[in-house]
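These notes concern the structure reproduced below.
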Amino acid sequence: MATMDEPLYPIAILIDELKNEDIQLRLNSIRRLSTIAQALGERTLKELIPFLSENNDDEDEVLLAMAEELGVFIPYVGGVEHAYVLLPPLETLCTVEETCVRDKAVESLCRIGAQMKESDIVDWFITVVKRLAAGEWFTARVSSCGLFHIAYPSAPDQLKAELRAIYGQLCQDDMPMVRRAAASNLGKFAGTVEQNYLKAEIMVIFDDLTQDDQDSVRLLAVEGCATLGKLLEPQDCVAHILPVIVNFSQDKSWRVRYMVANQLYELCEAVGPEHSREHLVPAYARLLRDNEAEVRIAAAGKVTKFCRILSPQLAIQHILPCVKELSSDSSQHVRSALASVIMGMAPVLGKDATIEQLLLIFLALLKDEFPDVRLNIISKLDQVNHVIGIDLLSQSLLQAIVELAKDRHWRVRLAIIEYIHLLSSQLGVGFFDDELGALCMQWLEDKVFSIRDASANNLKRLAEGFGPEWATQHIIPQVLEKINNPHYLYRMTILRAISFLAPVMGAEITWQKLLPVVIKSSKDRVPNIKCNVAKVLQSLIPTLDQSVSTSSVFVMIPFLCSATLRLQVIGEYYEYLLCRSWIRP
């Protein structure tokens, strides 16, 4: 008998741990509810589920795990036919005080309700929704708001009318938390309501929410504008949604105005481009000049998207003056938000307007004292290049770029390095040699490793773009000169540059120019340099012929004083020969 019970012993331990005083043990057991349910079989319905329904007075972490597990528990209770048995424990969890537990319980209820049969939804699920909506404690009513869109489609007409009425009452609840939940879920509920009731009842509820005393309710109603606007007919959207958006853009609460600015493009999509041009341009201009910096930040971040809806003339007339003001805004975060999107305005306004209006703004932002502003402009320079051409861009912005290449903030210098190879390929070899070549060499001796590493990789991209012949004359001599730098970190950077350049330069240049420097470095007095020689060799060997490789490897081995380094070099070379089938194992 004991032998028969042995397989169930671990399950018995898990069940006991559900009641253990140690929270970690209870948590581990809850997370393995599926294992317990599989072992219990039919007893899950009669014993485990009732136990979980009563076990609601626990730590929030345990309750959260329980709410998550129950959402995928349908297969363990006998399938969809018995899914209703999972509703009581989740209903209990919907009433607890901790928000994250309630949210997870609502999410699990929605997942289960979406799989239930229509008859079970009417008999069981809607009953749960109504009971929660009538709950004495506000937490139950808050949770109920997230369940109506699951319950409503399967309900008969009489129950649908009752559900709409209940939702209307929740939108007028005495507790602001309940009204917030109702406002937040209104869009999902409205998406399941029939078109005739949408205009007659849901829009009345929505109008009440837009005039709520609490700004936390009104700002959630802003999100509903975009969702409801897509559900309504175009004429109804203009009649009901557009006035609300305009009023919200002038709301006394900055948080509501912030939400309008943040959602503006979605709101424009809801009302359509024609009405956006006619009615929302003044509202947007007001948001760009708002007293609160947070509102200006949100509005500035949408400037390019909004201008795409407008004609270039409207954008120049109404939006560009605001953009000029924002480029010198007192808040660095406003300027940074503007810099992250303003380059995208160039394709919208066209070449002439960009040259006349935007270039001066770009230059002002490139010279901004705040590094993030400069960084945001640099990273989007290619968008302007496509519009006005590289010649004009270089004439206008080159001096600023050269200054930024020496910027005291290393992330700004890094952004310039990432962009320099693209700029060089478009400007041509002659321009690069005159203006930018010296900068690329200076970066190899930067104090920041990320700059030195990016600079070494940049030399490889330049060699690929301009060709090995050009690199032999203009890059290789200057790089190799720096191998004698007294600081070992800079010598390591040169070795890394050699490893990048070798595959591009080919076997002859690598053998004649690069390999002697690597051999010389193997005699360096700094162990770190010798270690890097071993790494560089891995990238050089595939470029060289076998005979050259073999002689070079064995020339360096005696100077690598560490036995580990010597073995590393030999091992890497041996592996390479195996891969090339030059020798047999």
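The values are calculated or read from the model by the stated rules, or taken from the named source; none is laboratory data. Here the structure is a predicted model, which is why all the values come from computation and not from measurement. So basically every Cβ, Gly included, is an ideal-geometry build from the backbone, and we count neighbours across all protein chains shown. Areas reflect the complete protein model, heavy atoms only, side chains present, ligands, DNA and RNA absent. Shrake-Rupley method; radii C 1.70, N 1.55, O 1.52, S 1.80 Å.
Of the residues examined, T493 is one that is of a type in the set (S, T, Y), crowded, with 21+ Cβ neighbours inside 10 Å and in a helix (DSSP H, G or I). For segment 151-172: of the residues being at pLDDT 90 or above and of a type in the set (D, E, K, R), which is surrounded by the fewest Cβ atoms within 10 Å (Cβ to Cβ)? Ranking the candidates gives E162 first. Of everything in segment 282-326 that is under 22 Å from the mean Cα position of the chain (by Cα), within 16 Å of Y265 (Cβ to Cβ) and open to solvent by 40 Å² or more (accessible area, probe 1.4 Å), the residue that is modelled with the highest pLDDT is I297.
Residues are listed down the side, and each one gets a yes or a no for (1) part of a helix (DSSP H, G or I); (2) closer than 25 Å to F51 by Cβ; (3) within 31 Å of the chain's Cα centre (by Cα):
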position: L87; (1), (2), (3): yes, yes, no
position: T92; (1), (2), (3): yes, yes, no
position: C100; (1), (2), (3): yes, yes, yes
position: S108; (1), (2), (3): yes, yes, yes
position: I112; (1), (2), (3): yes, yes, yes
position: I126; (1), (2), (3): yes, no, no
position: E136; (1), (2), (3): no, no, no
position: R141; (1), (2), (3): yes, no, no
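Residues in segment 212-264 that are surrounded by fewer than 18 Cβ atoms within 10 Å (Cβ to Cβ) and within 13 Å of Y284 (Cα to Cα): V246, N247, Q250. If you go through segment 38-69 and keep only what is over 15 Å from C100 (Cα atoms), part of a helix (DSSP H, G or I) and either open to solvent by less than 60 Å² (accessible area, probe 1.4 Å) or among the hydrophobic types (A, V, I, L, M, F, W, C) (or both), you end up with A39, L40, T44, L45, L48, I49, P50, F51, L52, S53. For first residues located in segment 160-178 and under 10 Å from V142 (Cβ atoms), partners that are open to solvent by 20 Å² or more (accessible area, probe 1.4 Å) and lie 6+ apart or on another chain with Cβ distances below 6 Å form the pairs D173/R179; M175/F138; M177/F138; M177/V142; V178/F138; V178/R141; V178/V142. Checked against (1) open to solvent by less than 30 Å² (accessible area, probe 1.4 Å); (2) over 30 Å from Y419 (Cα atoms), P527 passes all but condition (1).
A search for C-beta distances below 6 Å between a residue of segment 472-486 that is within 18 Å of I519 (Cα to Cα) and in contact (Cβ under 8 Å) with a residue 24 or more places away in the chain and any residue that is part of a helix (DSSP H, G or I) and open to solvent by 30 Å² or more (accessible area, probe 1.4 Å), counting only pairs 6+ apart in sequence or on different chains, returns I476/K513. Just to be sure before I move on: is V122 buried (at least 22 other Cβ atoms within 10 Å of the Cβ) and assigned to a helix (DSSP H, G or I) in the structure I sent? So V122 does not fit the description; no.
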